[in-house]
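Student: Pasting a structure here, questions to come.
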Amino acid sequence: MFCSSCGRQNNDDAGFCQGCGQQVGLVPRPSHQGSFPAKAEGSAPAKGIGWFKMTVLIVLPLFGGLFVIGVISRRAVESQSMTSEQASVDANAQQQKRMDAERERTNKCTTGDPNARLPAEMALYSWKNGSSSGQYWKGGIEAKRLFTVKSYEFLDQYYVEDKKSLDGRKPHSSAHKFRIQSSTQGGFPITKDWYIDVTLADGVCKIYEVEEAD
């Protein structure tokens, strides 16, 4: 046996250590066998499994929440963008409507008004098919009988000059040039170019003057 004090090996039946004189044979050498629980084969550390589960439980909800927030934010931005675009379209439509109304008002009886030539066409048609002679207007007043209309054709249209206006044009007026074939009281055919001016009166376009073209 070994001495518990100095560690020297002694005979198994010795009562005292031959090295240090301490009593031996009563205290056996300690054995560590069975002092710790046996480790099960194939078992994984419980600590590692716990951290993995904890990481999954924390990370997955976090990413899921961020994904949901991203989707909601994107839809909100798209909805706001669509609302802004629709508001812009509506505003442009309203602006265009106001511009069209203003253009219609300012173009009344001008060369830009498609109805401005209508009074002249109606008068010429009447002079050709209904009445024996055309009337001559000067300043909106019938002046005298002029000719008997046989045929006519439209040539061109112009603005009416007016030196008193800022742009040199008579407002709400236009001149329409026609080539008119007529005959005198003696029956002689005459073909001449005439201007028939129309202007705005009582809210409609009316003949203002009829004058021979230069």
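Student: How about the range 148-183: which of its residues are under 16 Å from VAL210 (Cβ atoms) and among the hydrophobic types (A, V, I, L, M, F, W, C)?
Tutor: Within the range 148-183, VAL149, PHE154, LEU155, VAL160, ALA175, PHE178, ILE180 qualify.
Student: Within the bounds of the range 179-187, is there any residue that is at pLDDT 70 or above, farther than 15 Å from ASN115 by Cα, touching an Asp or Glu at 6+ places or on another chain (Cβ under 6 Å) and assigned to a loop (DSSP other than H, G, I, E, B)?
Tutor: The initial filter retains those residues of the range 179-187 that are at pLDDT 70 or above, namely 179-183.
Subsequent filtering for residues that are farther than 15 Å from ASN115 by Cα retains 179-183.
Restricting the remaining residues to those that are touching an Asp or Glu at 6+ places or on another chain (Cβ under 6 Å) gives 179.
After this cut, where a residue has to be assigned to a loop (DSSP other than H, G, I, E, B) as well, the list is none.
No, there is no match, as no residue in the range 179-187 is at pLDDT 70 or above, farther than 15 Å from ASN115 by Cα, touching an Asp or Glu at 6+ places or on another chain (Cβ under 6 Å) and assigned to a loop (DSSP other than H, G, I, E, B).
Student: Let me ask another. Limited to the range 172-196, what total is found for residues that are touching a residue at least 40 places away in the same chain (Cβ under 8 Å) and surrounded by 13 or more Cβ atoms within 10 Å (Cβ to Cβ)?
Tutor: Summing the residues that are touching a residue at least 40 places away in the same chain (Cβ under 8 Å) and surrounded by 13 or more Cβ atoms within 10 Å (Cβ to Cβ) in the range 172-196 gives 8.
The values are calculated or read from the model by the stated rules, or taken from the named source; none is laboratory data. Predicted, not measured: the structure shown is a model, and the values here were computed from it. Here the Cβ is made from the backbone with ideal geometry for all residues, glycine too, and neighbour counts use every protein chain on show.
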